[in-house]
Each structure stands twice: as C-alpha cells, then as structure tokens.
Amino acid sequence: MKAYRIEPARVDPLVTLIANDNWVELTMRYVVHHRERGSRKTSCSRVLKAVDDSEGRVGLASMTVQLVEAPPLDVRLSRRAASGKE
C-alpha cells in the first residue's frame, strides 16, 4: 500500500444529514455483501416508516422565504472614511 499511497477503506456505517431550503436529505452508508444489498436497503427504508408512525413525536419541517422587493439602500461615506484614514 505504501507504494501506491492508498488509504485504507472506511467501512464503518455512516449517516449524513443535509438540510436544504425545501427538504432534509439523509444519506446512509453501510457495507454489506453484494448478495444482501436488496434486503438491507429494504430494512433501512424502515426508518421512514418509523418517522411516519411516530404520531408526531418525530417530524420534519421546512420554511421557504421569498424576498419580493428589497428596500432602497442609501450609503453615505464621509471623506475621511472614503480615503481610508479613520
């Protein structure tokens, strides 16, 4: 491995969360034998069912804000501030 400078593979399970402006994205990484991929994927989808079945104890929310019109911007610089000699 030193000759090719390859780092050891990380195989620990990992869950990452990305909160976008309109949704929450969860990514699960898990290493399984290639024959078990389908059944493991099905069992991982139970997380979504658990959120649905939580009777409101677990919830996902989002908020979208649209800026329709910005107020006018009035900037006044003194001569001293404009020259950088404050």
Completion exercise
Exactly one of Leu48, Leu26, Leu67 is more than 27 Å from Ala9 (Cα to Cα), surrounded by 10 or more Cβ atoms within 10 Å (Cβ to Cβ) and at pLDDT below 85, and that one is Leu48
Handout entry: Evaluation of Asp12 against (1) more than 22 Å from the chain's Cα centre (by Cα); (2) loosely packed, with under 10 Cβ neighbours inside 10 Å; (3) not β-branched (Val, Ile, Thr) (one fails), failing number
Key = (1)
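The values are calculated or read from the model by the stated rules, or taken from the named source; none is laboratory data. Just so it is clear, the model here is predicted, and its values are computed rather than measured. Heads up, the Cβs are rebuilt from the backbone with ideal geometry, glycines too, and the neighbour counts pull from every protein chain shown.
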